Amino acid sequence: MKYWLLKSEPSSFSFDDLRNSENAQTCWDGVRNYQARNFMRDEMKKGDLAFFYHSSCVEPGIVGIVRVVSKAYPDDTAFDPSDKHYDAASTPDDPRWHMVDVRMERALETPITLSKLKQYKDSELKELALLRRGNRLSVMPIDPSHWKFILKLERAANS
DNA sequence: GCCAACGTTGGC
DNA sequence: GCCAACGTTGGC
């Protein structure tokens, strides 16, 4: 099983939006970056876990955990000319973009803010992709050791 | 709003 | 294949 981090701007789709979705589940559509797509399409497996990260907001950080509940399948928002993420180059016969379904696992008891994560950028979280300079990927893998460490931060913040 | 860091596009 | 122009991301 693999671990991931999924970014979303809360003004567009927040963790609470996920919580309020039917079955606390949603399709992770709109990804239009090849590297992020490849992670979803080629490496994500049903049953994987992912951190839900809020970006471009007052307090960027990890706010919850979701489970991947489907393998990747064509992102049909790319086929809809009225959709914000429409891409004429993607067709049902030859889909360019893919998405997975995710379901809320749980909210973090205490969100782990970006600034908190940065405290460990030269030690425990040195290799964390999120903290790498200039990283803008919206879907990225998380090393199991980093996953565990971040959960430890959550427990520490809550004790 | 600013700006660094990318990724993409398209002319050549 | 090169690279300038442009668009996007996302922290601050």
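Coordinate-derived values only; no laboratory data. The shown structure was predicted, so the numbers you read here are calculated from the model rather than taken from an experiment. Heads up, the Cβs are rebuilt from the backbone with ideal geometry, glycines too, and the neighbour counts pull from every protein chain shown.
Database remark: amide H of A:Trp97 closer than 5 angstrom to the amide H of A:Asp75 (H placed geometrically; neighbours at sequence offset of 5 or more, or on other chains; Pro and chain starts carry no H). Taking the average, over residues, of other Cβ atoms within 10 Å as the packing measure, peptides A:113-126, A:59-72, A:35-48 rank A:59-72, A:35-48, A:113-126 from highest down.
When only alpha carbons are used to place a centre, segment A:76-141 and segment A:52-70 end up 9 Å from one another. Protection proxy ranking, highest mean first, for peptides A:76-84, A:135-143: A:135-143, A:76-84, where packing is the per-residue count of other beta-carbon atoms within 10 Å, averaged. Where the alpha-carbon atoms of segment A:3-157 are placed on the principal axes, they occupy 48, 32, 30 Å, in descending order. Computed from backbone phi with θ = phi - 60° and the Karplus coefficients 6.51, -1.76 and 1.60, the 3J(HN,Hα) list for segment A:128-143 is 5, 4, 4, 8, 5, 3, x, 6, 10, 5, 8, 10, 9, x, 10, 5 Hz; x is used for glycine and proline. Can you figure out the FRET efficiency of A:Glu109 with A:Ala129, using R₀ = 25 Å and their beta-carbon distance, to the nearest 0.05? About 0.55, to the nearest 0.05. Relative contact order of chain A: what whole-number percent is it, with Cα pairs under 8 angstrom and at least 6 residues apart? 29 percent.
Past 23 Å, Cα to Cα, is the threshold; run A:Lys7/A:Lys46; A:Lys45/A:Lys116; A:Lys116/A:Lys148; A:Lys2/A:Lys71; A:Lys71/A:Lys126 against it and keep the listed order. Pairs exceeding the cut-off: A:Lys45/A:Lys116; A:Lys71/A:Lys126.
Would you mind counting up the charge near A:Met104? Only other residues with Cβ under 14 Å from its Cβ, with Lys and Arg at +1 and Asp and Glu at -1. Net of charged neighbours comes to -1. The phi torsions of segment A:110-125, fed into the Karplus equation with coefficients 6.51, -1.76 and 1.60 and a -60° offset, translate into couplings of 9, x, 9, 6, 4, 5, 5, 4, 5, 4, 10, 5, 9, 10, 4, 10 Hz, rounded to whole numbers, with Gly and Pro shown as x.
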